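First the structure, in the form of structure tokens, and then the observations on it.
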Amino acid sequence: MHRVVVLVRPVQSTFELGCAVEVFGTERSGLPQYYAFETCTETPGPVPTTAGYAISVSNGLSALQAADTVIIPGWLPVEESLSDVVRRALVRAHARGARLVTICSGVFALARTGLLDGRSATTHWARAEQLRREFPLVRVEPDRLYVDHGDVATSAGAGAGLDLCLRLVRKDHGAPYAALLARHMMMPPHREGGRARYATPAPPGDALDGLLEWADERLGTPISVDDLAAHLGVSPRTLARRFADRLGTSPGTWLLSRRIDAARTLLEETDLPVEAVAARVGLSSAVNLRRRFRARTGTTPGAYRRTFRVL
């Protein structure tokens, strides 16, 4: 069984810790339990939390010696240094093959080990500049929900920690199992795109007003990026710049995401054949839908329907 060990510290964020518990440490009826879950801390005993209560953690850092995955669920305050003993424990765990994963501000602890030097990483948008300043050897990518290098992985805000944890489950045990787990958690099995569109509302009077609704109403037709640009009366290059400024993505990526979202809804709520679903969302054929759908969600339309069909 895959052993997941969470490194907690005072003052521990309860939400970030809860993300790890929900994905890796909660037993659910009818769902196989593939992970053994435990917590550890530098000084075992009561650990205060951001919620005002303390949690009891009985394991010390020796628990990291047998971990397959080590999770750092936040690190507050982010300026807090790593003790030598914690740094050595993390580096040794990584050296023997453990996967090191951070949620939100936990990336600051991982960066202090040096294991992110020369690599990309992400964190909450409000801390991205601070991370870049303090660790110039780390390539900070604030527009990513998560960055997964296989041996180390980082996530943006706390909610993105759930996205990253579900991604790791998909890698470990396949898309169907991860989708079933996500369904138990009432979450999408895979959230697409960068974080920018979730962080800041669009400015009033933005030049895209009305375009997104117009495109949504025509997903079943073969509209293209050129059609979107023509509707606004701008060049494709200008449209791309406005999409990047407002949504943090490209027009083509946004359009494909909306088609896939529409396909998900039809797979959940109707008995339409996959070929008909493809036609209704403007993806022309079942083959095209299957290819695009799998690339975006990690599973097939048929498997998705079996998991999420609304009875």
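Under 5 Å between amide H atoms, partner at least 5 residues away or on a different chain: which partners does T249 have, H built in plane at 1.01 Å?
Distant-sequence amide H within range of T249: A244.
Taking the Cα centre of the chain as origin and charging only Cβ (+1 Lys, Arg; -1 Asp, Glu), how large is the dipole, in debye to the nearest 20?
740
How far is it, in nm, from the label point at A95 to the one at S224 when both lie 7 Å from their Cα along the line to the Cβ?
In this crude spin-label approximation the distance works out to 5.7 nm.
Under a 5 Å amide H to amide H cut-off, with H placed in plane at 1.01 Å, what residues pair with V152 once short-range neighbours are removed?
Those qualifying (amide H under 5 Å, at least 5 residues apart or on another chain) are L100.
Distance from the Cα centre of segment 49-82 to that of segment 231-273, in angstrom?
40
Using the Karplus curve 6.51 cos²θ - 1.76 cosθ + 1.60 with θ = phi - 60°, work out ³J(HN,Hα) for each residue of segment 65-70 in order, rounded to whole Hz, and write x for Gly and Pro.
5, 10, 6, 8, 10, 10
Please turn the phi angles of segment 75-83 into ³J(HN,Hα) values with the Karplus equation 6.51 cos²θ - 1.76 cosθ + 1.60 (θ = phi - 60°), one per residue in order, whole Hz, x for glycine and proline.
8, 10, x, 5, 6, 5, 6, 8, 6
When all alpha-carbon pairs of segment 206-308 are counted, what percent fall beyond 16 Å?
Across segment 206-308, Cα pairs with separations above 16 Å total 56 percent.
For the chain, place one equal point scatterer on every Cα, skip the solvent, and apply the Debye formula. What is log10 of I(q)/I(0) at q = 0.12 Å⁻¹?
-0.88
Along the charge dipole of the chain, pointing to its positive end and built from +1/-1 on Cβ of Lys, Arg, Asp and Glu, which listed residue (L272, V101, L82) has its Cα farthest out?
Checked the options; the winner is L272.
Once you charge only the Cβ atoms, +1 for Lys and Arg and -1 for Asp and Glu, what is the size of the charge dipole of segment 206-308 about its Cα centre, to the nearest 20 debye?
It works out to roughly 560 debye.
Out of V140, V152, V47, any idea which swings most in a Gaussian network model of the chain, alpha carbons joined below 10 Å?
Its mean-square fluctuation being the largest, the pick is V47.
Using DSSP, restrict attention to beta bridges with both residues in the chain and report what percent are antiparallel, rounded to the nearest 5.
Just about 25 percent of them are antiparallel.
If amide hydrogens are placed 1.01 Å from N in the peptide plane, which non-local residues have theirs closer than 5 Å to the one on Q12?
Long-range HN contacts for Q12: T49, T50.
Every read-out reported here was derived from the displayed coordinates using simple, explicitly stated rules and does not represent laboratory data. Source: prediction; values computed, not measured. As a convention, Cβ positions derive from the backbone with ideal geometry for all residues, glycine included, and neighbour counts pool all protein chains shown.
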